[in-house]
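Visitor: Shown below is the structure under consideration.
The values are calculated or read from the model by the stated rules, or taken from the named source; none is laboratory data. For clarity, every value in this text was computed on a predicted model and none was experimentally measured. FYI the Cβ positions are ideal-geometry reconstructions off the backbone, even for glycines, and counts take in every protein chain you see. The accessibility values were calculated without ligands, DNA or RNA, using every heavy atom of the protein model including side chains. Shrake-Rupley method; radii C 1.70, N 1.55, O 1.52, S 1.80 Å.
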Amino acid sequence: MSEFYHVPVLLEPSLAQLAIRPEGIYLDGTLGGAGHAAQIARRLSTGRLIGIDRDETALRAAGERLARFGERVTLVHSNFCNMEKVLRALGIPGVDGILLDLGVSSPQLDDGSRGFSYMVDAPLDMRMDASDSLTAREIVNSYSYEELRRILYDYGEERYAPRIAAALCRAREAAPIETTLQLAELIRAAMPPAALREKQHPAKRSFQAIRIAVNDELTAVRTGLDAAIRCLNPGGRLCVITFHSLEDRIVKNCMAEAARGCTCPPEFPVCVCGKKPIVKLITRKPIVPDEEELGENSRARSAKLRVCEKL
């Protein structure tokens, strides 16, 4: 399983912002290749790290990588949005820090058989958790034109979503769309010549959109952030790394709302909602990779780290 490892993005800033105490309890909700987790565990003495991932392949690889830390580390197969249930089952009332890296692990992208890549031919899958029932094949072949258009536009910010959705609907009338390269070619053929001259692959935004839909990623982010704030002990920090604007907007707004407290209209002379701030913002602007990290890992280019602290 050693091949399931990717260079952890924004590693040093994340560790610094978590303010790890050797006796603390920490949660990595998106374990992946355990790059961040290994460095957190290394800084613990009597403390404990809970690692969660919905991808069983990643979890097995992380188990091997973290085995040297023994009982200091507990790994759980689950979605990070279920962290309250996970911690309750472990008898842990609260944690001192939570890290969420919302990017897709490089091994998931690079393993052509998983169906995430538009560069390698494979069945249309894209599931992070193989036990889930919904696949990319089902979305592409059974969702209506309107739903496909919405997914491509909302989740991929694909301006040619109507053309692509229409092309997919026409193609599947003749025969089901079965593979990643077949899908990528249909997307490419639906786009105007000007779009094909762009630097990025023409299928990149559409594949991102379908992957997000398959794994219900944005819902998991919203529910997971609320759960994370509830799970933190006072003084505990939530560190979230995002890789595209949709997720970053959700993280920014969720943290800002939790830090604002009162939701009364500004014209109200006194607060009547009674809501109080439950976190303070540590990063007003996101932390981004420096030039050194970008030189070592080009996949870090779009990464942003936002941090808040439980009051």
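Visitor: Under the definition of Cα pairs under 8 Å and six or more residues apart, what whole-number percent is the relative contact order of the chain?
Guide: Relative contact order here is 18 percent.
Visitor: How many Å² of accessible area per residue for the chain, probe 1.4 Å?
Guide: Per-residue accessible area for the chain comes out at 47 Å².
Visitor: Relative contact order for region 198-311 using alpha-carbon pairs under 8 Å, separation at least 6, rounded to a whole percent?
Guide: 31 percent
Visitor: How high is the relative contact order of region 73-190, given as a whole-number percent (alpha carbon pairs under 8 Å, six or more residues apart)?
Guide: Answer for region 73-190 is 21 percent.
Visitor: Between GLU173 and LYS204, what is the FRET efficiency for a Förster distance of 35 Å, r being their Cβ-Cβ separation, to the nearest 0.05?
Guide: It comes out at approximately 0.85.
Visitor: How many angstrom lie between the Cα centre of region 89-165 and the Cα centre of region 198-217?
Guide: Distance between centres, Cα-based: 8 Å.
Visitor: Separate question: Less than 30 Å apart at the alpha-carbon level, and either on another chain or at least 8 residues along: which lysines does that give for LYS280?
Guide: Hits, sequence-local ones excluded: LYS85, LYS252, LYS304, LYS310.
Visitor: Right, something else. Would you kindly find the accessible area of LEU232, with a 1.4 Å probe and non-protein molecules such as ligands, DNA and RNA excluded, rounding to the nearest 10 Å²?
Guide: Approximately 10 Å² for this residue.
Visitor: Taking LYS276 as the anchor, which aspartates and glutamates have their alpha carbon closer than 13 Å to its alpha carbon, excluding any fewer than eight residues away along the same chain?
Guide: Candidates past the 8-residue exclusion: GLU257.
Visitor: So, one more: Taking 4 °C and 1.567 mPa s as the conditions, I'd like the Stokes-Einstein D for region 159-232 in µm²/s, using the Kirkwood hydrodynamic radius from alpha carbon pairs.
Guide: D, rounded to a whole number, is 91 µm²/s.
Visitor: Okay, moving on. Highest GNM mean-square fluctuation, the chain, Cα pairs closer than 10 Å: which of MET255, MET83, MET191?
Guide: Looking only at MET255, MET83, MET191, the largest GNM fluctuation is found for MET191.
Visitor: Mean residue ellipticity at 222 nm from the helices of the chain, using -39,500 (n - 2.57) per DSSP H segment of n ≥ 4 over the full residue count, to the nearest 500 deg cm²/dmol?
Guide: For the chain, the value works out to -12500 deg cm²/dmol.
Visitor: Kindly provide log₁₀ I(q)/I(0) values, in the same order as q = 0.12, 0.14 Å⁻¹, from the Debye equation applied to equal alpha-carbon scatterers of region 161-311.
Guide: Listed by q, the Debye log ratios stand at -0.73, -0.87.
Visitor: Sort LYS310, LYS199, LYS204, LYS304 from largest to smallest accessible area, using a 1.4 Å probe on the heavy atoms of the protein chains.
Guide: Correct descending sequence by accessible area is LYS199, LYS204, LYS304, LYS310.
Visitor: Take ILE92 and ASN253, extend 7 Å from each Cα along the Cα→Cβ direction, and tell me the distance between the two endpoints in nm.
Guide: 3.0 nm
Visitor: Given Cβ point charges of +1 (Lys, Arg) and -1 (Asp, Glu) and nothing else, what value in debye, to the nearest 20, does the dipole of the chain about its Cα centre take?
Guide: Dipole size: approximately 860 debye.
Visitor: To continue, here is another question. With a 1.4 Å probe and every protein chain kept in, tell me what percent of the accessible surface of the chain is carbon plus sulfur.
Guide: For the chain, the apolar C and S fraction of the accessible surface comes to 51 percent.
Visitor: Run the quick spin-label model on ASP154 and ARG42: label points 7 Å from Cα toward the beta carbon, then report their separation in nm to one decimal.
Guide: 4.2 nm
Visitor: Can you pull the accessible area of HIS77 for me, 1.4 Å probe, Å² to the nearest 10?
Guide: My reading of the accessible area for HIS77 is about 70 Å².
Visitor: So which aspartates and glutamates pass the test for LYS285, namely a Cα distance under 14 Å, with those fewer than 8 places away in the same chain ruled out?
Guide: ASP248
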